[in-house]
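The values are calculated or read from the model by the stated rules, or taken from the named source; none is laboratory data. As the structure is a computational prediction, the values presented were derived from the model and not from experiment. Cβ coordinates were reconstructed from backbone atoms using ideal geometry, including for glycine residues, and neighbour counts include every protein chain displayed.
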């Protein structure tokens, strides 16, 4: 079996790096699980986590179990390991020299230990943007792909790449990474929105309109005659534009009949917004285009665009529906 390379983070902010280096070891926590020498399956790790960390949600349990299982069961003697020192901006590379050992107190608050022989280091600045992206994972343990492993060894001992040689290539790589992160973030935001219930969806749409500068009124429960939300400059519908909003939060596309029914209830001078998280059929889009009243169709993708565009203008109540955090990217 060919040996693998594993990244093991030295705790949050690499606060254990010096211990890793000086004691020739890598270690992970989850001390409540005690000695896991007898553990042989991923399911066994999940069972232990659920018993000892009941506050973990299923997603966190699954991710954490996978990392623990790798450290205890999949790591092999002579496998390669890499960890990061952010102060020196160096990745240290070594080989695992021991089987799994439960050794409380050897490494501060990380009782699950593997001994390591450190053999070299590589500057983060000498690596490509894609390699830095892989090695920048926030997970405690990841498997290093072969192409990154090869690059690490090819750059070992070098201080940095020549900017003139790498600048254009690195810019392209960073743009690809950025595009991938943006795409993933949009999908995660869609997941959040899709999990709202119907009343929360109405509140979100009304909050978006308030973020755009309108005042809103949400119709009380019961027959609304195609008017879930009324938006206008004064909030009373006396000043134009007077915007009528219908919100459908369900799977399945809206068809032409639904659009026709909605537009039939609009008066002269009204504007319409039809929100459907299930999307719209081609016939529905055609029906909207031929409407006598200005009408916007908003599907889930468009809803995400509106949320991200106007999020800074959202009130506190709307932000709690889809809590987001801003990240910064190098210009």
Quiz item: What number of residues in the stretch 119-132 are buried (at least 16 other Cβ atoms within 10 Å of the Cβ) and assigned to a strand (DSSP E or B)?
Solution: 3
Quiz item: Can you tell me which residue in the stretch 107-118 is farthest from the chain's Cα centre (by Cα), limited to those that are on the phi < 0 side of the Ramachandran plot and surrounded by fewer than 14 Cβ atoms within 10 Å (Cβ to Cβ)?
Solution: 117
Exercise. Looking at (1) touching a residue at least 60 places away in the same chain (Cβ under 8 Å); (2) farther than 18 Å from residue 299 by Cβ, find the lone condition where residue 196 falls short.
Key: (2)
Quiz item: How many residues does the stretch 27-62 hold that are assigned to a helix (DSSP H, G or I) and surrounded by 13 or more Cβ atoms within 10 Å (Cβ to Cβ)?
Solution: 13
Practice problem: Go through the residues of the stretch 219-230 one by one and say whether even a single one is under 21 Å from residue 324 (Cβ atoms) and crowded, with 16+ Cβ neighbours inside 10 Å. | Solution: no
Quiz item: Could you say whether any residue in the stretch 63-72 is touching a residue at least 40 places away in the same chain (Cβ under 8 Å), surrounded by 14 or more Cβ atoms within 10 Å (Cβ to Cβ) and assigned to a strand (DSSP E or B)?
Solution: no
Quiz item: How many of the residues making up the stretch 246-259 are surrounded by 16 or more Cβ atoms within 10 Å (Cβ to Cβ) and over 13 Å from residue 299 (Cα atoms)?
Solution: 3
Practice problem: Go through 317, 305 for me and flag whichever is surrounded by 11 or more Cβ atoms within 10 Å (Cβ to Cβ), under 30 Å from the mean Cα position of the chain (by Cα), outside the structural domain of residue 133 (by TED's automatic domain parsing) and without any contact (Cβ under 8 Å) to a residue 40 or more places away in the chain. | Solution: 305
Quiz prompt | All positions within the stretch 214-249 that are modelled with pLDDT of 85 or more, part of a loop (DSSP other than H, G, I, E, B) and closer than 23 Å to residue 286 by Cα | solution = 228, 249
Quiz prompt | Which listed residue, of 86, 104, is out of contact with any strand residue (DSSP E or B) (no Cβ under 7 Å at 6 or more places or on another chain), closer than 14 Å to residue 25 by Cα and surrounded by fewer than 21 Cβ atoms within 10 Å (Cβ to Cβ) | solution = 104
Quiz item: Can you spot a residue in the stretch 243-261 that is touching a residue at least 60 places away in the same chain (Cβ under 8 Å) and more than 30 Å from residue 172 (Cβ to Cβ)?
Solution: no
Quiz item: Is at least one residue of the stretch 152-175 in a helix (DSSP H, G or I), at pLDDT below 85 and under 30 Å from residue 318 (Cβ atoms)?
Solution: no
Quiz item: Could we say that residue 35 is assigned by TED's automatic domain parsing to the domain that holds residue 137 and closer than 24 Å to residue 144 by Cβ here?
Solution: no
Quiz prompt | Test: residue in the stretch 275-293 that is within 18 Å of residue 213 (Cβ to Cβ) and either in a helix (DSSP H, G or I) or in the same structural domain as residue 204 (by TED's automatic domain parsing) (or both) | solution = no
Exercise. For residue 99, work out the one condition from (1) out of contact with any helix residue (DSSP H, G or I) (no Cβ under 6 Å at 6 or more places or on another chain); (2) farther than 18 Å from residue 35 by Cβ it doesn't fulfil.
Key: (2)
Quiz item: What tally of residues in the stretch 178-213 results from selecting those that are surrounded by fewer than 11 Cβ atoms within 10 Å (Cβ to Cβ), under 19 Å from residue 312 (Cα atoms) and at pLDDT below 90?
Solution: 0
